[in-house]
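Asks: The structure is given below, and queries will be raised subsequently.
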Amino acid sequence: MESWIMEGCMRIMQLHPGCRVSSDHDQEQSEETQAEERISESWAHSEGSGWLGDLQTHGWDTVTGTIRFLKPWSHGNFSKQELKNLQSLFQLYFNGFVRIVQASAGQFQLEYPFEIQILAGCRMNAPQIFLNVAYQGSDFLSFQGISWEPSPGAGIRAQNVCKVLSRYLDIKEILQSLLGHTCPRFLAGLMEAGESELKRKVKPEAWLSRGPSPGPGRLQLVCHVSGFYPKPVWVMWMRGEQEQRGTQRGDILPNADETWYLRATLDVATGEAAGLSCRVKHSSIEGHDLIIHWGGYSIFLILICLTVIVNLVILVVVHSRLKKQSSNKNALSPRAPSPVFPMGANTQDTNNSRHHFCLAQVSWIKNRFLKWKTRLNQLS
C-alpha cells in the first residue's frame, strides 16, 4: 500500500453522428472556431478517484468540480491552500484537457463514442513516476518522466499523439512537478495520518460448500474466504501437504465494510473428495493457517456453536428457576387479591414480565441455534 494512484476516465460521444459534412465554409473558418464547433457537437462525461493501494481515499464531484475526501485523514498533512491549489489543477484537467480531446478527435481520427482512461501516481521511496493512458480499454501511450512513448501495438495514431504532446513543454513540466514532487509528499502525509487504519488487520472467516456439478460423477468444492484485511491472501485446496493444482481462484471482491472476499474452487471425482481441505494464509493469522477439512467444520464455527449451546443451557436453567419461584409465590398468595391492596398484583406483574422476557430470550437462542445447525449441515 505504498503507492498513491490517481484515476481519470472520460467518455465522449458525438451528439449528431454523421450530420457534419465538410464544406468550403469550414476552410474559411479559423481553427479555433472549428474546434469550438467540434466541442459543441460532442458530449463528454468525466470521472476521477484517488487510491492508496487498494483503498479509495478520494473522489471527484463532477457537479461541483471539487475533491471528495472519503476518509477523516484524506487531507494528509497538506494545508488548506495546498489542497486548494491541487483542486484547481484537477479542475483544469477535467475541464481543459477534456475540451482539448474533444477538439482533437477529428485530427487523430478518434471514433465516436470513445473512452480514454488515465492512470497516474507515485510510489513511496521510489524515484520513478508513472502515467499510463488507455484508449477504448487498450494501452495507448505513457509518460516516462521525460518523454511520451506510444504503447506497443498502439499503432500510428498513438505515435502521432505523442508527437503533438511532446511539443507542449508546459504539460511536461506540470506532470514532472505533480508526480515527482507533490505526489510523494502527499503520499507520505496520507501514510502518516491514516497509519492506524492502514495497519489494521482483520482475520478471515472461511466455510465450504458445493458448487454446480461439473458433470456426472464429479463435484465442485467451493472454499469461501471473507472478512479479511488487508487484501493479500493465499487460498489453496490441499490433500495433506500437497497443493491441488486444479484450484481455481476468483477475483478478490470488496465487502461493504472494506474487508475482502475470495472463493477458490476445485473440481474432483465424487470419490476423491474425502481427505481434501482448504488452507488459508493471511497476515492477520501469520503462522496459524486456517484449515477446513471437507466434510468437517471449521474451529471458528465449532466455537460459536459451543457458545450458543452453553448460553442456551444457562437460559433454560434460569427460566426453570424463575418459573418455579413464580409457582411458589402463586401458592402462597391469596386466590382473589383485594382491590383495596393492589401491591400483590404489582408483584405478580413484575414476575410475569420477567417470565415473558426469559421466554423471548430462550426462543431467540433456540432460533439462532437451529440456524447454525442448518448451516453446519450444509457444510457437511
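Rule-based calculations on the coordinates, nothing more; no lab input. Every value quoted in this text rests on a predicted model; they were computed, and no experiment measured them. Positions of Cβ are generated from backbone atoms using ideal geometry, with glycine treated the same way; all protein chains shown enter the neighbour counts.
Asks: Can you give the Rg/Rh ratio of the stretch 205-296, where Rg is from the C-alpha atoms and Rh is the Kirkwood radius?
Replies: 0.97
Asks: For CYS122, CYS162, what ranking results if the residue with the fewest other Cβ atoms within 10 Å of its Cβ goes first?
Replies: Least to most surrounded, the residues fall as CYS162, CYS122.
Asks: So for each of 177-186, 3-12, 57-66 I average, over its residues, the number of other beta carbons within 10 Å; can you give me the resulting order with the highest mean first?
Replies: 3-12, 177-186, 57-66
Asks: On a 20 Å Cα-Cα criterion, which of the cross-link pairs LYS80/LYS231; LYS203/LYS281; LYS71/LYS199 come out too long?
Replies: Too far apart for the 20 Å limit: LYS80/LYS231.
Asks: If you don't mind, there's one more thing I want to ask. Using the basic label-point model (7 angstrom from Cα toward the beta carbon), what is the TYR168 to ARG239 distance in nanometres?
Replies: Distance between the two pseudo-spin positions: 6.0 nm.
Asks: For SER177 and SER104, FRET efficiency with R0 = 30 Å and r from the beta-carbon atoms, rounded to 0.05?
Replies: 0.80
Asks: Tell me, what is the FRET efficiency for VAL310 and LYS199 to the nearest 0.05, using R0 = 22 angstrom and their Cβ-Cβ distance as r?
Replies: The value I calculate is 0.05.
Asks: Could you calculate the contour length gain from ASN85 to ASP267, that is, 0.36 nm times the residue separation minus the distance between their Cα atoms, to one decimal place in nm?
Replies: Full extension from ASN85 to ASP267 adds 60.0 nm.
Asks: On full extension of the chain, what length is gained from VAL317 through SER226, given 0.36 nm per residue of separation minus the C-alpha to C-alpha distance?
Replies: 29.1 nm
Asks: Using the Cα atoms of the stretch 3-198, I'd like the radius of gyration and the largest Cα-Cα distance, Dmax, both in angstrom.
Replies: Cα-based Rg and Dmax for the stretch 3-198 come out at 18.4, 66 Å.
Asks: Work out the FRET efficiency for ILE156 and ILE291 from their Cβ-Cβ distance, taking R0 = 56 Å, and round it to the nearest 0.05.
Replies: Calculated value: 0.50.
Asks: Starting at the first residue of the stretch 81-87, write each ³J(HN,Hα) from the Karplus equation 6.51 cos²θ - 1.76 cosθ + 1.60 with θ = phi - 60°, in whole Hz, x for Gly and Pro.
Replies: 5, 5, 5, 5, 5, 5, 5
Asks: Still on this structure, I have one more. Pull out a ≥ b ≥ c, the square roots of the eigenvalues of the alpha-carbon gyration tensor of the stretch 117-252, then state rounded if a/c is under 1.5, prolate if not and a/b is larger than b/c, and oblate in the remaining case.
Replies: The shape class here is oblate.
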